[in-house]
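Visitor: First, the structure itself, so that you have it in front of you.
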Amino acid sequence: MLISHWILALTIAYLLGSIPFAKLLADLNGVDLLKVGSANLGMTNLWRSCGKGWGSFCLALDVSKGWASCFLAGWILQQPLAVALAAAVAIFAHTFSIWVKFKGGKGVATGLGVLLYLSPLTFAITFLFGAGLIMSTRIVSVGSLASAWLVPPLLLWQREPRAYVAVTLVAAAYISWKHRSNVQRLLQGTENKISW
């Protein structure tokens with residue numbers, strides 16, 4: 001494949017991944033996410049600040065951009081490595097968006113979209129597992145972090161391409177790093193809970 005194809009695929013992944021849907025939806029509600037709740041430009045803060053309807057809509061949009069980034073990379077380059085790199089770029093772009101001064105969310109919702117493309121079965125298992133934890137604890141970070149680390153072994157079990165396993169390991173580590181303040185609050189017993 002031409003280098004231009006790689007540049008195109010990864011540029012598309014960055015531009016899609018960087019769309020700040022949480023901020024755009026919050027703006028429609030007259031809410032500045034940087035000044036409310038956790039001050040994070042992600043779906044969870046939107047959920048807390050604008051309600052579960054807007055939060056659910058944002059989740060669907062973020063999942064869609066992760067899936068689309070991988071789909072287009074696969075269509076352009078037709079190889080697992082390209083899809084894996086596009087996945088990494090999309091997750092990074094969500095957390096480091098050019099449109100909001102290189103701020104963003106924590107990568108979980110976009111990561112779900114990536115996973116939906118990489119392995120629909122792993123997506124289903126992980127989503128149900130994470131949702132169960134969130135519903136039982138009312139703490140989003142618990143479900144997010146546990147689910148992120150569940151993905152690589154599930155992909156290994158299904159004998160998915162090594163590139164997919166590698167990128168999900170990197171993503172799990174990166175998402176954990178982005179959640180470092182949440183981990184600290186979990187250890188202190190002060191982590192925020194969501195209301196149903």
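Visitor: Roughly to the nearest percent, how much of the accessible area of the chain is carbon and sulfur, given a 1.4 Å probe?
Guide: Numbers: 6860 of 9840 Å².
Ligands and nucleic acids excluded, carbon and sulfur reach 70 percent.
Visitor: Got the relative contact order for the chain handy, in percent, Cα pairs under 8 Å and 6 or more residues apart? Please list the in-between numbers first.
Guide: Working: 291 pairs, mean separation 40.5, N = 196.
The value is 21 percent.
Visitor: Give the residue list of chymotrypsin sites (Phe, Trp or Tyr not before Pro) in the stretch 1-106 that are DSSP loop and have at most 13 other beta-carbon atoms within 10 angstrom. Before the final figure, lay out the partial values.
Guide: Working: sites: 6, 14, 21, 47, 54, 57, 67, 71, 75, 92, 96, 99, 102; in loops: 96, 102.
Qualifying residues, ordered by number: 102.
Visitor: Which loop-located trypsin sites (Lys or Arg not before Pro) does the stretch 29-115 contain, where loop means any DSSP state but H, G, I, E or B and the Cβ has at most 16 other Cβ atoms within 10 Å?
Guide: Values: sites: 35, 48, 52, 65, 101, 103, 106; in loops: 101, 106.
In loop regions of the stretch 29-115 (DSSP not H, G, I, E or B), the sparsely surrounded trypsin sites (Lys or Arg not before Pro) are 101.
Visitor: Considering amide H positions built from the backbone, and no H for Pro or chain starts, which residues 5 or more places from residue 103, or on another chain, come under 5 Å of its amide H?
Guide: HN-HN under 5 Å from residue 103: 97.
Visitor: How tilted is helix 108-118 with respect to the longest principal axis of the chain? Cα atoms for both, answer in degrees (0 to 90, nearest 10).
Guide: 30
Visitor: Please determine, in degrees from 0 to 90 and to the nearest 10, the orientation of helix 162-178 with respect to the longest principal axis defined by the Cα atoms of the chain, where the helix direction is its Cα long axis.
Guide: Approximately 20 degrees, to the nearest ten.
Visitor: Using C-alpha positions alone, give me the convex hull volume of the chain per residue in cubic angstrom. The partial results should precede the final answer.
Guide: Working: hull volume 20.9 nm³, N = 196.
Measuring per residue, one finds 107 Å³ for the Cα hull of the chain.
Visitor: Still on this structure: Between the helical axis of 120-137 and the dominant principal axis of the chain, each derived from Cα atoms, what acute angle in degrees is found, rounded to the nearest 10?
Guide: 10
Visitor: With every protein chain kept in place and ligands, DNA and RNA left out, what is the accessible area per residue of the chain? Probe 1.4 Å, answer in Å².
Guide: I get 50 Å² per residue for this part.
Visitor: Give me the percent relative contact order of the stretch 1-87, please, defined on Cα pairs under 8 angstrom at least 6 residues apart. Walk me through the numbers on the way to the answer.
Guide: Numbers: 96 pairs, mean separation 30.3, N = 87.
Result for the stretch 1-87 is 35 percent.
Visitor: Sticking with this one: Relative contact order for the stretch 16-67 using alpha-carbon pairs under 8 Å, separation at least 6, rounded to a whole percent? Display every interim value, and only then the final one.
Guide: Values: 57 pairs, mean separation 18.8, N = 52.
Normalised by residue count, the contact order of the stretch 16-67 is 36 percent.
Visitor: Hey, what number do you get for the chain at 222 nm if only DSSP H runs of n ≥ 4 count, each worth -39500 (n - 2.57), divided across all residues, to the nearest 500?
Guide: Rounded to the nearest 500, the figure is -24000 deg cm²/dmol.
The values are calculated or read from the model by the stated rules, or taken from the named source; none is laboratory data. From a predicted model like this one, the values you see are computed outputs, not experimental measurements. Reconstructed Cβ throughout: ideal geometry from the backbone, glycine too, with neighbour counts over all protein chains shown. All accessible areas refer to the heavy atoms of the entire protein, side chains included, with ligands and DNA or RNA removed. Shrake-Rupley method; radii C 1.70, N 1.55, O 1.52, S 1.80 Å.
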